[in-house]
Amino acid sequence: METKKEEVMATEEKTKKEKVKAVFGWIGYVASLIVLAYLIFYFVFNLVSPNLTARYMGFKGYVILTESMEPELVPNDFVFITAYDFDDLKEGDIVAFVDPNNNVVVHYFAEWTVNERGDACFRTRPADPEKPMDYWRITKDKFVGIYSGKIPKVGGFLRVVGSPIGLIAIVVIGVSVYLIVHIFKKPTKGKQEEIAQAVASEENIIEAEAEVVKEEPKPEEKKKESKE
């Protein structure tokens, strides 16, 4: 009686754990879909309006290509640019903006000024205080965002990865790893039990067939029985 009760309790506990596992599985699945949808939208938005990505999607990464911001930022540093209120900029901020040649530049904010139309804008400068300020005047529509952090010296690698050849290589490697993992993946405990049960069932069938064969009379015995 006690053993029966323990078995029932163990079954209930197992069912409860399976339900909790299923709930967390669904939560993870939904969260993954949300993240995937955001990444797809981010990717498409970045293709359509690359200079507006940080402003409307919250952040974007850029690779430093020149030495104008040394020692703070050096070539191949990967910098994070995040959305920021244009009116709150102050001297010393590191800002990203679109220059007259439609290139994204990361320089220091230097001062507020106005353009010939009377619009509020700012000027920038490189890191070296001995060098003159940049000649351009940046209006709100050309402002991308503010510097918020960096990963040193990974820009070259990321530029290769972001190229068409790099993307193809990532896909090929990803598919290869997936196939290798699934080919050599060890079966789970549940799968092992299913295989063991299937093997045992097949063995039982073979044993049963063997017993039937043993019980069947031999041809000579059948002839004798027919004569009699």
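The values are calculated or read from the model by the stated rules, or taken from the named source; none is laboratory data. Note that this is a predicted model, so its numbers are computed, not measured. Backbone-built Cβ (ideal geometry, glycine too); neighbour counts: all protein chains shown.
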Residue list for segment 35-88, restricted to those being basic (Lys, Arg) and touching a Pro at 6+ places or on another chain (Cβ under 9 Å): Lys60
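Considering Gly166, Gly149, Gly156, which residue is under 30 Å from Glu72 (Cβ atoms), touching a Phe, Trp or Tyr at 6+ places or on another chain (Cβ under 6 Å) and modelled with pLDDT of 60 or more? Outline the logic, then answer.
Details: Gly166 fails: touching a Phe, Trp or Tyr at 6+ places or on another chain (Cβ under 6 Å); Gly156 fails: touching a Phe, Trp or Tyr at 6+ places or on another chain (Cβ under 6 Å).
Of the residues listed, the single one that is under 30 Å from Glu72 (Cβ atoms), touching a Phe, Trp or Tyr at 6+ places or on another chain (Cβ under 6 Å) and modelled with pLDDT of 60 or more is Gly149.
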Where a residue in segment 118-135 is under 15 Å from Lys90 (Cβ atoms) and its partner, wherever it lies, is among the polar types (S, T, N, Q), with Cβ under 9 Å and at least six apart: Ala120/Thr113; Ala120/Thr139; Cys121/Thr113; Cys121/Asn115; Cys121/Thr139; Phe122/Thr113; Phe122/Thr139; Arg123/Thr113
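With the condition kept exactly as written, say whether any residue in segment 179-187 is surrounded by 10 or more Cβ atoms within 10 Å (Cβ to Cβ), over 30 Å from Glu72 (Cβ atoms) and at pLDDT 75 or above.
Initial filter on segment 179-187 (surrounded by 10 or more Cβ atoms within 10 Å (Cβ to Cβ)): 179-180, 187.
With over 30 Å from Glu72 (Cβ atoms) added as a condition, the list becomes 179-180, 187.
When the remaining residues are screened for being at pLDDT 75 or above, the result is 179-180.
Within segment 179-187, one or more residues are surrounded by 10 or more Cβ atoms within 10 Å (Cβ to Cβ), over 30 Å from Glu72 (Cβ atoms) and at pLDDT 75 or above.
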Boolean, Tyr84 is of a type in the set (Ser, Thr, Tyr), touching a residue at least 60 places away in the same chain (Cβ under 8 Å) and closer than 26 Å to Pro132 by Cα: yes
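Residues of segment 100-122 being surrounded by 17 or more Cβ atoms within 10 Å (Cβ to Cβ), more than 20 Å from Val79 (Cβ to Cβ) and touching an Asp or Glu at 6+ places or on another chain (Cβ under 9 Å), which ones?
Those that are surrounded by 17 or more Cβ atoms within 10 Å (Cβ to Cβ), more than 20 Å from Val79 (Cβ to Cβ) and touching an Asp or Glu at 6+ places or on another chain (Cβ under 9 Å): none in segment 100-122.
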Some residue of segment 70-80 being out of contact with any Phe, Trp or Tyr (no Cβ under 8 Å at 6 or more places or on another chain), surrounded by fewer than 13 Cβ atoms within 10 Å (Cβ to Cβ) and in a strand (DSSP E or B): no
